[in-house]
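To start, the structure itself, in structure tokens.
The values are calculated or read from the model by the stated rules, or taken from the named source; none is laboratory data. Bear in mind the structure is a predicted one, so any value in this text is a computation, not a measurement. Ideal geometry is used to build each Cβ from the backbone, glycine not excepted, and the neighbour counts take in all protein chains shown. Side chains included, ligands, DNA and RNA excluded: accessible areas come from the protein's heavy atoms. Shrake-Rupley method; radii C 1.70, N 1.55, O 1.52, S 1.80 Å.
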Amino acid sequence: YSKCITSVLQNILNQDKYDVIHAHTELAAIAAVKVGKKMEIPTVVTLHGISTEKKLYKGLTRKILFEETLSKIDRVVLVGETLINFYSQFVKNNNNFRIVSNGFRTSSQHGLNEQKKFRTPIKFISVSNLVEGKGIEINLLALSKLNKMGFKEWSYIIIGDGALRSYLEKLT
């Protein structure tokens, strides 16, 4: 999985400049941080829960995944307060961890309006299985709202496959 994703990600990033790599799940994080560090692109991983794959927490996989990957990635976004204790046990320093609950409400204090423009186009990449619960459709809907508000200086590439692929293609 990691070798395949690393190759695809590397090829896309060689074609253009991107501002951030956003991976979903522990395994996608391995490829994201490897390529991100090599190409000096900030990397983020969102961990939505605790994987039931017991092999992730043992031996060399544990060392690569947690001690190396989660420590080197620029931001680890944990979807819920309860995840910080679990993931903190695997790293020496969790200063790059942030808690972001699933979903939020916008308010006038965020200050979004049609007059604001991005300095340069912002480019997003998501790397995940295209299955329910990953939030790719939420990203697409949010970007659609930004587009309608006049924020059009962005692009979004999705790397992955799965049951929701055709639905996401239609939504795009």
Item to complete: Give a residue-ordered list of calculated ³J(HN,Hα) values for region 40-45 (Karplus: 6.51 cos²θ - 1.76 cosθ + 1.60, θ = phi - 60°; whole Hz; x for Gly, Pro).
Response: 6, 10, x, 10, 10, 10
Worksheet item: Where Lys and Arg each count +1 and Asp and Glu each count -1, what net charge lies around residue 6 among other residues with Cβ under 13 Å from its Cβ?
Response: +4
Practice prompt. Mind giving me the nanometre distance, one decimal, between the label points for residue 38 and residue 68, set 7 Å out from Cα along Cα→Cβ?
Written response: 1.3
Fill in: Karplus-derived HN-Hα couplings along region 10-22 (A = 6.51, B = -1.76, C = 1.60, θ = phi - 60°), whole Hz, x at Gly and Pro
4, 4, 5, 5, 6, 7, 7, 8, 10, 8, 7, 10, 10
Discussion item. Using a 7 Å offset from the Cα along the Cα-to-Cβ direction at both residue 139 and residue 154, what is the distance between the two label points in nm, to one decimal?
Written reply: 1.1
Worksheet item: How many nm separate the modelled label positions at residue 131 and residue 10, each set 7 Å beyond the Cα in the direction of the Cβ?
Response: 2.7
Worksheet entry | Whole-percent carbon and sulfur share, accessible surface of the chain, 1.4 Å | 53
Worksheet item: How far, in nm, would the chain grow between residue 3 and residue 99 when pulled straight, counting 0.36 nm per residue and subtracting the alpha carbon separation?
Response: 31.7 nm
Practice prompt. With percent of Cα pairs over 21 Å apart in mind, check (1) 52; (2) 59; (3) 46 and report the label derived from this structure.
Written response: (1)
Worksheet item: Charges only on Cβ, +1 for Lys and Arg, -1 for Asp and Glu: so what's the dipole of the chain about the Cα centre, in debye to the nearest 20?
Response: 220
Discussion item. Using a 10 angstrom Cβ neighbour count of at most 15 plus a DSSP loop assignment to flag exposed chymotrypsin sites (Phe, Trp or Tyr not before Pro), which longest range of the chain is free of such sites?
Written reply: 2-103
Discussion item. Please compute the per residue accessible area over region 10-107 with all protein chains in place, 1.4 Å probe, rounded to a whole number of Å².
Written reply: 59
